[in-house]
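First up is the structure itself, then whatever we jot down about it.
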Amino acid sequence: MGGNSIHILGHSTQFQKKKIKELTRIQETDTWLAPRFPVVIKQLEKWLGNQSFIFSSWGEDDRAVLLKNLLFYQLSVGKFKQYINLQHAFSTLIDNIDGNQIGLVKAIESLGLTFEGTPHSSNDAFNTARIFIEVYEKLPIDIEPFVSNQLLDNDYRKLVNKVVHLREKLGLNYHELSLVSKIKEEELEKIELFQLTKGKKEIKSLIQILYSIRGETIGKK
């Protein structure tokens with residue numbers, strides 16, 4: 001994102017938009033003249049050529065947003081085959097495995113380097129690459145599939161999007177929905193961001209809960 005923002009803000013939930021704005025200070029107007037997502041992906045594919053690659057990011061959010069937009073625009077995920085969460089790998093390397101993943105700026109500083117540019121912008125990718133270059137020989141790298149087969153299931157995605165639609169229409173936050181569904185707040189958020197997959201049966205049960213709150217049933221719909 002940042003100065004050359006890809007136009008994806010408009011395809012996020014209201015909660016996600018607020019989160020993005022708080023992190024990056026980006027505004028809707030900043031995206032108006034930004035290149036559209038399909039255009040950027042074509043440029044990326046042209047730059048990659050026929051080379052194989054592993055998609056890496058500092059934390060799960062970038063993969064989730066990229067995948068969400070590929071699915072939204074009905075674009076192929078074929079080129080994105082493998083993934084590495086460098087934040088997790090680096091946190092493990094420095095024995096910070098108590099659940100608190102180290103932030104990118106602190107990670108840079110822990111290596112005696114200075115963060116270049118503005119955090120939470122396109123500069124993050126450059127600084128993430130610097131960390132990788134510094135410590136890649138020591139990193140406990142865990143390569144995983146970029147996307148699970150379940151997320152390629154159109155019916156599953158429709159169910160998750162239904163959860164998002166109903167929750168926002170009811171004006172429920174994750175805390176409130178967690179109380180009635182018995183699903184942890186962080187899990188609910190990850191489900192909606194496609195960072196965590198649940199069985200279709202569990203997602204349908206969640207939808208039934210939301211319909212019940214609204215005074216309806218799936219049968220009536």
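Taken together, the values in this text are just the output of simple stated rules run on the coordinates, not laboratory data. What you are looking at is a predicted structure, and each value in this text was computed from that prediction instead of being measured. Cβ atoms come from the backbone with ideal geometry, glycine included; neighbour counts cover every protein chain shown.
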Check your understanding: Using only the Cα atoms of the stretch 95-221, what do you get for the radius of gyration and for Dmax, in Å?
Key -> 19.7, 61
**Study point:** Average projection area in nm² (convex hull over Cα atoms of the stretch 149-213, one quarter of hull surface)
**Key:** 3.8
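Using the number of other C-beta atoms within 10 angstrom as an exposure proxy, rank SER91, SER205 with the fewest first. Don't jump to the answer; show the numbers that get you there.
Numbers: SER91 20, SER205 13.
Result, fewest neighbours first: SER205, SER91.
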Review point. Long-range amide H contacts for GLN82: which residues qualify at under 5 Å (H placed 1.01 Å from N, peptide plane, sequence gap of 5 or more or a different chain)?
Key: PHE55, PHE146
Check your understanding: Which of LYS169/LYS198; LYS106/LYS198; LYS46/LYS158; LYS46/LYS169; LYS79/LYS106 have a Cα-Cα distance over 29 Å?
Key -> LYS106/LYS198; LYS46/LYS158; LYS46/LYS169; LYS79/LYS106
